[in-house]
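Visitor: Sharing a structure, written as structure tokens. Questions coming.
The values are calculated or read from the model by the stated rules, or taken from the named source; none is laboratory data. Worth saying up front: this structure is predicted, and the values here are computed from it rather than measured. Because the Cβ atoms are built from the backbone with ideal geometry, glycine has one as well, and the counts that use them run over all protein chains shown. Just the protein is used for accessible areas: all its heavy atoms, side chains included, with ligands, DNA and RNA removed. Shrake-Rupley method; radii C 1.70, N 1.55, O 1.52, S 1.80 Å.
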Amino acid sequence: MKLSNKELKNIKGGITFSATLLNAIVRGITSFMDIGRYLGSSIRRATSPNGKCPIK
């Protein structure tokens, strides 16, 4: 099926969110949260009076 020039000009594209893109976004957010958790734990352990506190 061939489209005329008029019909081709009326085609509107859009952004689509695929499962791959959503998975990448979720993994990125998870990575940032893990980095924050590890950094917070290391700061807490470094500043505790005994030098180390139990890891939960």
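Visitor: Condition first: surrounded by fewer than 10 Cβ atoms within 10 Å (Cβ to Cβ) and either touching a residue at least 60 places away in the same chain (Cβ under 8 Å) or not hydroxyl-bearing (Ser, Thr, Tyr) (or both). Now tell me which residues in the range 8-26 satisfy that. Step through it out loud before you land on a result.
Guide: Of the residues in the range 8-26, the ones surrounded by fewer than 10 Cβ atoms within 10 Å (Cβ to Cβ) are 8-20.
Correct list: Leu8, Lys9, Asn10, Ile11, Lys12, Gly13, Gly14, Ile15, Phe17, Ala19.
Visitor: Turning to a different aspect of this structure: Return the residue satisfying two criteria in turn: it lies in the range 27-56 and is open to solvent by 80 Å² or more (accessible area, probe 1.4 Å) and of a type in the set (Lys, Arg), and of such residues it is modelled with the lowest pLDDT.
Guide: Lys56
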